[in-house]
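Down below is the structure, laid out as structure tokens.
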Amino acid sequence: MTTSTTATDVNQPSLQPASPTGRKLSLPVLLLVIAGVLALTSVVRIITGADGITNVSQMSTALELAVPIGLAGLGGLWAERAGVVNIGLEGMMILGTWFGAWAGFQWGPWTGVLVGIAGGAIGGLLHAFVTITFNVNHIVSGVAINILALGATRYLAPLAFVGHQGGSAKQSPPVESLGDFTVPGLSDALRDLNAKGWFFVSDIAGLLGGLVTNVSWLTLLAVALIPATWWILWRTAFGLRLRSCGENPVAAESLGVNVYKYKYLAVIISGGLAGLGGAFLSIVANPFYLEGQTGGRGFIGLAAMIFGNWMPGGLALGAGLFGYTDSLNLRGGSENVHALLLLGALLLLIGAIWMAVRKKYVGAAITAVVGALVLTWYAVTNEVPNQVVAATPYVITLIVLALSAQRLRMPKADGLPYRKGQGK
């Protein structure tokens, strides 16, 4: 096995992960697309008067809500790059919330973070043991992990929390804050600029202001894990070997890679990252464990990973999108979601025009019809029901996955059974 840090060795063609299908966006083009969406959002804000869709508080809340989704997605990425589908992310997050709060209220929040990671890693180890050693179907194992985690925490919560001040059968005592930071001067300047309501400039200020205002130290750590994951998996020999297990484990084994070891490591790390996301929920987002507080974020994290095409950068964009829509529940939900109907309609109509230019006439017609219906919904109403506000993150998840499905390429051996020596 070569020690090269990239998958470019001509002597190892079988270990080179295949490129995603379809045209890959370059960084300048991607930045231009993001700038265009922000500009369109600014136009919608001015038309509708819904200043809350890009203010500093909205963006700060969106960042906080994106972190657990992003961590769950990172967990899924590590496992699936090694060829193991991890539907059990939700259960591993649940373990992280319970273990994090249990240790946090007794020994401090940072201890809670570490124990929360360990709790999720235990779930990852169990998933690895069942799927890798015994070759159980990955989906079945993941669902079992979710059920087991929910049942275990529901059983343990009364035993651990009842009798302590602030604790109950479904809630832990409060956990001490980890603390946060605000960049002095810059935060106030961006907030003032955002309040002016200028086209585009104020919206950029709102976005940047959310990144430097009341940011938890754990948020900073979580954001740093995204480039760290990219560097480890795509720029080190360890990462090459791990990814080869998800692309062609038989070829990897023939070159001396211990496939079982790398799969185990990947799934345990996956569980630890999901557990960290759970600990974030019970220590930072809320200073206590509460039954059901994951709210399906493990599944949304999995969707963010798929949206990001099994890449850390795309995953981060997906987590940010889902975190933003989730934040609408907390800040001016009905007004902001109503404004986003106009934004969605405009994006759909632009997408229809783009499809027509590329001669995809059927898709263009369907997209145009849907865009017209959404525009009509916006025009004939002044607000949206609370049920629609609550469902917005999940609806966005389905729409985004549906629109991005054609450009996705999962690791070739993802979810496939593997036995040591099967290539002989």
For segment 352-357, Karplus-derived ³J(HN,Hα) couplings (6.51, -1.76, 1.60; θ = phi - 60°; whole Hz; x for glycine and proline) come out as 5, 5, 4, 5, 5, 4
Using helices alone, I'd like the mean residue ellipticity at 222 nm for the chain: each DSSP H run of four-plus residues gives -39500 (n - 2.57), total over residue count, nearest 500. -22500 deg cm²/dmol
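Taking a ≥ b ≥ c as the square roots of the eigenvalues of the Cα gyration tensor of segment 314-424, is the shape rounded (a/c under 1.5), prolate (a/b larger than b/c) or oblate?
Numbers: a/c = 3.40, a/b = 1.57, b/c = 2.17.
In terms of gyration-tensor shape, oblate.
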If you put +1 on each Lys and Arg Cβ and -1 on each Asp and Glu Cβ, how big is the dipole of the chain around its Cα centre, in Debye rounded to 20? 1420 debye
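Within segment 146-209, which chymotrypsin sites (Phe, Trp or Tyr not before Pro) sit in a loop by DSSP and count at most 11 neighbouring Cβ atoms inside 10 Å? Mind dumping the intermediate values first?
Values: sites: Tyr155, Phe161, Phe181, Trp198, Phe199, Phe200; in loops: Trp198, Phe199, Phe200.
Passing sites in segment 146-209 are Phe199.
Note down the net charge around Lys170, summing +1 for each Lys or Arg and -1 for each Asp or Glu among other residues with Cβ under 15 Å from its Cβ.
Local charge sum for Lys170: 0.
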Of segment 285-303, those with amide N under 18 Å from the point 7 Å along the Cα→Cβ vector of Ala169 are 289-293
Put a dot 7 Å past each Cα toward the Cβ at Lys196 and Ile147; how far apart are the dots in nm? 5.9 nm
Assign one of three labels to segment 312-364, namely rounded, prolate or oblate, based on the Cα gyration tensor with a ≥ b ≥ c the square roots of its eigenvalues; rounded applies when a/c is under 1.5, prolate when it is not and a/b is larger than b/c, and oblate otherwise. oblate
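Using only the Cα atoms of segment 53-141, build the gyration tensor, take square roots of its eigenvalues as a ≥ b ≥ c, and label the shape rounded, prolate or oblate: rounded if a/c is under 1.5, else prolate if a/b is larger than b/c, else oblate.
Oblate shape, in that a/c is at least 1.5 and b/c is the bigger or equal ratio.
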Listed candidates [x] 147; [y] 252; [z] 156 - label of the one calculated as volume of the Cα convex hull per residue in Å³: [z]
Under 10 Å, Cβ to Cβ, from Thr219 - net charge with Lys/Arg +1 and Asp/Glu -1: -2
Neighbour net charge for Thr133 - beta-carbon separation under 14 angstrom, K R +1, D E -1: +4
For the chain, modelled as a Gaussian network with Cα springs under 10 Å, which listed residue fluctuates most, Val369, Val84, Val400? Val369
Which whole-Hz couplings ³J(HN,Hα) result when phi for each residue of segment 148-159 is put into the Karplus expression 6.51 cos²θ - 1.76 cosθ + 1.60, θ = phi - 60°, listed in order with x for Gly and Pro? 4, 5, 5, x, 5, 5, 5, 6, 7, 4, x, 5
Asn258 to Ala390: extension gain in nm, 0.36 nm per residue of separation minus the Cα-Cα distance? 43.0 nm
Using a Gaussian network model on the chain with a 10 Å cutoff between Cα atoms, which of Thr381, Thr41, Thr111 fluctuates the most? Thr381
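What full-extension length gain, to one decimal in nm, is calculated for Val362 and Ser334 as 0.36 nm per residue of separation minus the Cα-Cα distance?
Details: separation 28, 0.36 × 28 = 10.08 nm, distance 3.31 nm.
Extending this stretch completely gives an extra 6.8 nm.
Given the Cα-Cα distance of Phe129 and Arg409 and 0.36 nm per residue of separation, how much length would full extension add, in nm? Spell out each step's value before the answer.
Values: separation 280, 0.36 × 280 = 100.80 nm, distance 2.64 nm.
98.2 nm is the gain from fully extending Phe129 to Arg409.
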Of the residues Gln165, Gln106, Gln58, which exhibits the maximal mean-square fluctuation in a Gaussian network model of the chain defined by a 10 Å Cα contact cut-off? Gln165
In whole Hz, the Karplus estimates of ³J(HN,Hα) for segment 82-88 (6.51, -1.76, 1.60; θ = phi - 60°; x where Gly or Pro) are 9, x, 10, 6, 10, 6, x
Per the charge dipole of the chain (beta-carbon charges, Lys/Arg positive, Asp/Glu negative, Cα centre), the residue among Leu373, Asn194, Phe307 reaching farthest to the positive end is Phe307
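Accessible area per residue for the chain in Å², computed with a 1.4 Å probe and the full protein assembly in place, what is it? Mind dumping the intermediate values first?
On the way: 19460 Å² over 424 residues.
That works out to 46 Å² per residue.
The values are calculated or read from the model by the stated rules, or taken from the named source; none is laboratory data. This one's a predicted model, so the numbers in the text were calculated from it and none came from an experiment. All Cβ positions, even for glycine, are placed from backbone atoms using ideal geometry, and neighbour counts span all protein chains on display. What goes into the accessible areas is simple: the full protein's heavy atoms, side chains included, and nothing from ligands, DNA or RNA. Shrake-Rupley method; radii C 1.70, N 1.55, O 1.52, S 1.80 Å.
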